[in-house]
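Inspection log for the structure reproduced underneath, given as structure tokens.
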Amino acid sequence: MYAIIETGSKQYQVEEGDIIDIELLTPKDKKLVEFKNILFLSEGTKMHVGTPYVKGFSVKGEILKEVKGEKVIAYKYKRRKNYLRKKGHRQKYLKVKITQIKAG
């Protein structure tokens with residue numbers, strides 16, 4: 001059984017036991033997160049396609065830790081103007097382990 005979920009304007013294909021990096025969330029419970037925006041769900045030969053979301057199903061996950069992504073360097077340069085700027089950025093993510101895909 002697998003599902004395609006939407007969180008943070010991105011889509012992820014998940015199964016039970018998968019570990020994914022999602023954009024930083026502020027859930028009510030600090031250890032668990034629930035995804036209700038399910039676009040597609042496959043149960044063996046049965047498939048559920050949402051319009052836009054599948055109703056009656058949810059995907060639950062356990063928050064493992066907060067991590068930082070790779071550093072992205074941005075340069076600004078103007079020739080003959082003595083202008084050069086270097087700026088770095090590291091995006092924060094949540095590492096989530098998918099624990100359950102269920103109806104209801």
Answer yes if at least one residue in region 59-69 is more than 25 Å from Lys28 (Cα to Cα) and either aliphatic (A, V, I, L, M) or over 24 Å from the mean Cα position of the chain (by Cα) (or both), and no otherwise. no
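A quick yes/no check of all residues on (1) in a strand (DSSP E or B); (2) surrounded by 11 or more Cβ atoms within 10 Å (Cβ to Cβ):
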{"residue": "Glu6", "(1), (2)": "yes, yes"}
{"residue": "Tyr12", "(1), (2)": "yes, yes"}
{"residue": "Gly17", "(1), (2)": "no, no"}
{"residue": "Lys55", "(1), (2)": "no, no"}
{"residue": "Tyr75", "(1), (2)": "yes, no"}
{"residue": "Arg80", "(1), (2)": "no, no"}
{"residue": "Leu84", "(1), (2)": "yes, no"}
{"residue": "Val96", "(1), (2)": "yes, yes"}
When residues of region 28-53 are limited to those that are under 13 Å from the mean Cα position of the chain (by Cα) and part of a loop (DSSP other than H, G, I, E, B), the one surrounded by the fewest Cβ atoms within 10 Å (Cβ to Cβ): Lys36
Test: residue in region 89-98 that is closer than 30 Å to Ala3 by Cβ, free of Cβ contacts under 8 Å to residues at least 24 places away in the same chain and more than 16 Å from the chain's Cα centre (by Cα): yes
Leu25 fails exactly one of (1) closer than 30 Å to Lys87 by Cα; (2) assigned to a strand (DSSP E or B); (3) under 14 Å from the mean Cα position of the chain (by Cα), namely (2)
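Read-outs: derived from the displayed coordinates by stated rules, not from any lab. This one's a predicted model, so the numbers in the text were calculated from it and none came from an experiment. Cβ coordinates were reconstructed from backbone atoms using ideal geometry, including for glycine residues, and neighbour counts include every protein chain displayed.
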